[in-house]
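One structure below.
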Amino acid sequence: MSGSTSGANGSNGSAVNGLDGYRLVLPQSRIPTAWYNIQADLPAPLPPVLHPATQQPVGPADLTPLFPMGLILQEVSPERYIPIPAEVREIYRLWRPTPLVRAVRLEKALDTPAHIYYKNESVSPSGSHKLNTALAQAYINKQEGVGRIVTETGAGQWGSALAIAGSFFDIAIDVYMVKISYQQKPYRRSVMQAYGATVTPSPSDKTNAGRGILARDPNSNGSLGIAISEAVEVAATSGGMTKYSLGSVLNHVLLHQTVIGQEAVEGMAEIGEYPDVVIGCVGGGSNFAGLAYPFLHKTLTEGVKTRFLAIEPASCPTLTRGPYRYDFGDTSGMAPLVKMYTLGHDFVPAGIHAGGLRYHGMAPSISALVKGGYIEPRAYHQTPCFEAAALFARLEGIIPAPETSHAIRAVLDEALKCKETGEKKVILFNFSGHGHFDMAAYDAYLGGQLQDYQMSEEELARALSTVPQVSEAG
Ligand SMILES: *Cc1c(COP(=O)(O)O)cnc(C)c1O
């Protein structure tokens with residue numbers, strides 16, 4: 001899929017100190033031994049998470065019906081480094097460290113003086129970064145005697161990753177899959193089932209939440225919010241037997257993804273370069289944080305000047321057009337209130353192909369760092385993103401996931417700016433996943449049938465009208 005022994009080397013000028021050729025793969029002995037927790041380095045502590053009914057700060061006990069204590073403790077930990085259990089690190093060896101690749105052929109085609117690097121997370125068995133946290137979550141649940149985990153999935157990337165992790169640690173995985181995706185993407189369902197997971201189209205008649213929706217609308221297509229409500233209900237009413245799991249947004253999920261950035265810090269040092277710009281796409285924020293936070297550690301503690309660009313879809317412009325306020329994490333208002341950039345918890349984004357970027361909120365730590373000016377948000381429509389993805393595929397050989405294409409669009413624009421100014425910047429981005437299960441999206445792009453959705457001011461105001469009033473002391 002990537003890498004080559006011929007072609008780019010010193011003879012055509014691509015060699016930079018420690019990089020002779022296209023890519024660097026660190027030895028497995030250098031897989032990180034701890035996750036990096038940015039909560040230790042934030043300029044101010046994160047605002048407290050509030051109970052959805054009482055609006056009082058939640059304690060660990062409030063979360064135990066849904067999560068194992070090991071993950072709850074990680075969620076609130078102030079420790080800078082949290083050791084990775086040996087069992088998890090052992091399975092990371094199946095595909096980690098991931099390649100750090102210099103996009104030599106892309107640089108040449110753009111005729112840019114910039115150096116473009118990407119961390120290729122698409123080489124994981126699930127095809128994206130999500131397995132980094134799925135394994136950690138499954139292991140910690142297993143340690144605490146949990147035999148079954150329930151979750152939701154939209155397009156199926158998260159469900160697939162958790163299904164693999166469940167098979168490795170012998171935990172049953174139940175996935176509530178948005179019904180329209182279940183019907184339109186049968187192979188995604190097959191992937192999860194091949195790994196042994198049970199997949200239920202949502203809304204279903206297995207839960208009160210699902211039965212309520214079906215009573216009102218028997219033909220409901222479902223939504224991520226409905227699927228979350230079903231999965232949360234199953235866990236909350238299981239008497240502790242079944243736990244719930246989330247693939248993004250929460251502190252512990254971002255924490256687990258920092259293996260990406262720690263490897264990238266070491267890889268860049270080996271090559272003898274340091275990024276001027278770090279770029280990632282953001283849905284809930286986990287792949288961006290995974291790459292960026294170990295570099296942000298140097299910015300926050302040593303004052304290293306780096307730009308961090310978080311790229312979102314223009315049709316779900318959480319960071320670029322939403323306010324920084326307390327809102328519910330889920331659509332039905334059962335999940336805790338967190339302070340974040342939000343478009344309103346019952347906002348349903350347009351049906352763009354980057355399903356993984358269609359979330360109304362954003363991880364609290366990313367939100368705080370955007371508010372503080374450390375991270376620059378930017379939004380793109382999907383058509384220019386697919387153009388960038390097609391160019392990348394034809395030059396670099398890998399078909400990007402529609403989510404990843406948002407990061408690539410920003411990379412192209414930054415590299416083209418360097419061409420204008422003559423600046424030799426070093427650009428690093430996260431190649432969060434491949435698009436092999438997204439060919440219907442490429443079909444639409446290649447057939448000229450992509451639509452771009454601009455959110456109107458009225459639509460934005462309507463969506464924000466549901467954000468609850470929370471009085472913030474201090
Ligand atoms: C899920 C997903 C995303 C978006 O989620 P984050 O938590 O923001 O990373 C991005 N890229 C790929 C390939 C995904 O599967």
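Show the residue pairs that are 6+ apart or on different chains and have beta-carbon atoms under 8 Å apart, the first residue being within the stretch 316-327 and buried (at least 21 other Cβ atoms within 10 Å of the Cβ) and assigned to a helix (DSSP H, G or I), the second being modelled with pLDDT of 95 or more and among the hydroxyl-bearing types (Ser, Thr, Tyr).
What qualifies is 318/341; 318/342; 319/341; 319/367.
Report yes if residue 356 is in a helix (DSSP H, G or I), within 20 Å of residue 281 (Cβ to Cβ) and outside the structural domain of residue 155 (by TED's automatic domain parsing), otherwise no. Explain how you work it out, then say what you get.
Numbers: in a helix (DSSP H, G or I): yes; within 20 Å of residue 281 (Cβ to Cβ): yes; outside the structural domain of residue 155 (by TED's automatic domain parsing): yes.
Yes; evaluated as a whole, the condition is true for this residue.
Could you check the stretch 347-395 and list, in sequence order, the residues that are among the basic types (Lys, Arg) and modelled with pLDDT under 95?
Taking the stretch 347-395 as the starting set, the residues that turn out to be among the basic types (Lys, Arg) are 358, 371, 378, 394.
Matches in the stretch 347-395: 358 only.
With respect to the numbered conditions (1) closer than 23 Å to residue 425 by Cβ; (2) crowded, with 21+ Cβ neighbours inside 10 Å, which one is the sole condition not fulfilled by residue 298?
Residue 298 satisfies every listed condition except (2).
Quick check: is even one residue across the stretch 345-364 farther than 24 Å from residue 413 by Cβ, surrounded by 23 or more Cβ atoms within 10 Å (Cβ to Cβ) and of a type in the set (Val, Ile, Thr)?
Within the stretch 345-364, none of the residues are farther than 24 Å from residue 413 by Cβ, surrounded by 23 or more Cβ atoms within 10 Å (Cβ to Cβ) and of a type in the set (Val, Ile, Thr).
Consider the stretch 429-467. How many of its residues are outside any helix (DSSP H, G or I) and more than 16 Å from the ligand (Cβ to nearest atom)? Steps first, please.
So the first thing to find is which residues in the stretch 429-467 are outside any helix (DSSP H, G or I), and the list is 429-438, 447-456, 465-467.
Those still in the list that are more than 16 Å from the ligand (Cβ to nearest atom) too: 447-456, 465-467.
Residues meeting the conditions: 13.
Tally up the residues in the stretch 1-29 that are surrounded by fewer than 15 Cβ atoms within 10 Å (Cβ to Cβ), at pLDDT 50 or above and closer than 28 Å to residue 88 by Cβ, please.
So the count comes out to 3.
List pairs: first in the stretch 273-302 and under 15 Å from residue 39 (Cα atoms), second more than 12 Å from the ligand (Cβ to nearest atom) and basic (Lys, Arg), Cβ under 8 Å, 6+ apart or cross-chain?
299/305
Would the stretch 232-246 turn up any residue that is over 30 Å from residue 19 (Cβ atoms), of a type in the set (D, E, K, R), outside the structural domain of residue 99 (by TED's automatic domain parsing) and not in a strand (DSSP E or B)? First the steps, then the outcome.
Looking only at the stretch 232-246, we keep the residues that are over 30 Å from residue 19 (Cβ atoms), and these are 232-246.
Add one more test, that the residue is of a type in the set (D, E, K, R), and what stays is 233, 243.
Checking which are outside the structural domain of residue 99 (by TED's automatic domain parsing) leaves us with 233, 243.
Those left that are additionally not in a strand (DSSP E or B): 233.
Yes - at least one qualifying residue is present in the stretch 232-246.
Within the stretch 271-293, how many residues turn out to be assigned to a helix (DSSP H, G or I) and surrounded by fewer than 23 Cβ atoms within 10 Å (Cβ to Cβ)? Talk me through it step by step, then tell me what you get.
Residues of the stretch 271-293 that are assigned to a helix (DSSP H, G or I), as a first pass: 271, 286-293.
Filter once more, keeping what is surrounded by fewer than 23 Cβ atoms within 10 Å (Cβ to Cβ): 271.
Of the residues in that region, 1 qualify.
I'd like to check something: does the stretch 80-98 contain any residue that is crowded, with 19+ Cβ neighbours inside 10 Å, touching a residue at least 12 places away in the same chain (Cβ under 8 Å) and within 16 Å of the ligand (Cβ to nearest atom)?
yes
The values are calculated or read from the model by the stated rules, or taken from the named source; none is laboratory data. A quick note: this is a predicted structure, and the numbers were derived from the prediction, not measured. Note that each Cβ is placed from the backbone with ideal geometry, even for glycine, and that neighbours are counted across all protein chains shown.
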